[in-house]
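Have a look at the structure below before the remarks.
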Amino acid sequence: MSATAQTRVQFNPKADPDHGSLSSSISGTSTPASLEDDTEQQLLKPTPKTPLPKLQLAIICISRLAEPIAYTQIFPYINQMVEELHVTDKPSEIGFYSGLVVNENSSLYHQKGRLKNFSYSQDSLFAIAQLFTIYQWGRLSDRIGRKPVLLMGLTGVALASTCFGLSNSFIGMLVSRCMAGALSGNAVVVLSILGEITDETNQAQAFSLTGVIWSVGSIIGSTIGGLLSHPAERYPTIFGEIGILKSRPYFLPCFVSASITASSVLFALIFLEESLPSKVEEKRRQKALSIDSGASTPTLTSARSTIKGYGSVPTSLDEPAPPEPAPAPSLTSLIRDYNVRAVLISTFLLNFICGSYDVVFTLFSYTPVSLGGLSRTPSEIGIALAFMGIFGIFLSLFVFHYLHDRFGVLRLYKALMSLFPLCFMFMPVLSQIARFCTSRSTSSTSSLFDGILWAAILFDMILTRVGGMSYSCNMILTKRCAPSAESLGATFGLAQSVSSIARATAPAFVSSLFAISIEKQILGGNLVWLVMVIIAYFGVVTVKGHRI
């Protein structure tokens, strides 16, 4: 079987043991009990796993690591950079202008018993540029190959980071971030490569690494930005005499980020192998032809020039020409495909739900107990989020693939998505626990009641992190729903576009709804939780509609 054919088998929905029982339940037809038993036995029966291509996987991880580093190294100093460039004279507007540079920026403050949303901007040029280009990057990788598109994207990220560090005006910052967004198609290419170098037996391990790499990259990027900004002032003995670091105090973290990205370009250029099935087949045939030409003799050559008959020597030159790859489906045809449309809807809701939780949890934690919040300090919130990040990495590395192999991706996806309504339902319970602990706490029992409150907070956060494994399920289903191997990049690009829309709109929606709920005391300040429970429930319902 050719490499192309082998790849197309992976896109057969019937290859998944979940498919039979799920599609039957959706269509309304009954499934014989014996068939259900056989399906369950297939789920429980251990299947030998295909070994992961470790070298290729390592190169992909290195390439993927560069993007979150470049993206997050800006966060620690962006507000200070905007202030020093004198973009505005009003401190309350700094968050707005910072939000034009980074994707999400939301700030609330408490004054005289009222919660006010004084600066919010999610219209990031980075997100807008990414939204309009990421699908095109996926389509391009379906035509010319994954490797060249990945190299172009990484090179663009390195150039954008360098330009940002050299910016001495707000316009320069916007242009460089817009460039970074327009060239940030690496996620689509990486996911497409993972889909092509893995199969049903090992894809859970590979796809779960993407979340781990992003988390690790975010930690590294934030550390670089926090420690290396204003180096001439903070480390005068080392950088005090370097003129460019005095005039461009944010160049060093951008340069370090760009250097890491440039290193990933070099590694990918040397070691990464092309995975697009049509290019792999073309390379295989060219290699076979070159080997056959070197081993040919005049006799064999003349024999091939005559009509083949008894006694002719079969060689790779006798193979029929490979069929032309099927044309990639258009955007309209992709959206009309039921499986693609179902995955896009669940992708939007998953990202909207998780994006909303990330924002509203921080706001809820910081809000005073008297207004229905938890009265946590920024340092406490940061430590809790860092701990949950580490816990999420543990789940991705050691838990997800086991659950995937045991239950199948569809059943696991449904179970994980079912946790999000519970997370939002538990928020008003947390508020009541905080009120109870605060009212009963004394100097001698403060530690006890604070421990009770933290236990309840961690319970809710653990539920959310477990539910976060839905991302890996979603990526696997996106791979499956691609109509053909030639449209895998376009399908991932479309899914990433939908994800960008959800991530851009969720923070504005939930932060505004939270502020209105608290300030107006609608449903006792619980309107935001009711709305989010309903949205999260719809996320569970959409998973039931999958037929892949």
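The values are calculated or read from the model by the stated rules, or taken from the named source; none is laboratory data. Values in this document were obtained by computation on a predicted structure and should not be read as measured data. Ideal geometry is used to build each Cβ from the backbone, glycine not excepted, and the neighbour counts take in all protein chains shown. Surface areas here come from the heavy atoms of the whole protein model, side chains and all, with no ligands, DNA or RNA. Shrake-Rupley method; radii C 1.70, N 1.55, O 1.52, S 1.80 Å.
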Worksheet entry | Per residue solvent-accessible surface (Å²) - the stretch 429-548, probe of 1.4 Å | 37 Å²
Worksheet item: When the dipole is taken about the Cα centre of the stretch 407-545, and only Lys, Arg (+1) and Asp, Glu (-1) are charged at their Cβ, what size is it in debye, to the nearest 20?
Response: 280 debye
Fill in: Distance (nanometres) between label positions extended 7 Å along Cα→Cβ at S447 and E241
5.3 nm
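Taking Cα pairs under 8 Å and at least six residues apart, what relative contact order does the stretch 428-503 come out at, in percent?
Details: 20 pairs, mean separation 14.6, N = 76.
The normalised contact order for the stretch 428-503 reaches 19 percent.
Would you mind counting up the charge near A158? Only other residues with Cβ under 15 Å from its Cβ, with Lys and Arg at +1 and Asp and Glu at -1.
Values: positive: R64, R177; negative: E67.
Computed value for this residue: +1.
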Fill in: Over the stretch 391-471: Kirkwood hydrodynamic radius from C-alpha pairwise inverse distances, Å
14.3 Å
Item to complete: Keeping every protein chain in place, order W454, W214 by accessible area at 1.4 Å, biggest value first, i.e. largest first.
Response: W214, W454
Worksheet entry | Residues of the stretch 147-203: accessible area per residue with a 1.4 Å probe, Å² | 26 Å²
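Rounded to the nearest 0.05, what FRET efficiency do L289 and L55 have when you use their Cβ-Cβ distance and R0 = 35 Å? Don't skip to the end; give the middle numbers.
Values: r = 26 Å, r/R0 = 0.76.
Working from the Cβ atoms, E equals 0.85.
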Worksheet item: Label T201 and F271 with points 7 Å out from Cα along Cα→Cβ: what is the distance between them in nm?
Response: 2.5 nm
Discussion item. Leaving ligands and nucleic acids out of the surface, order E273, E200, E84, E486 by accessible area at 1.4 Å, largest first.
Written reply: E273, E84, E200, E486
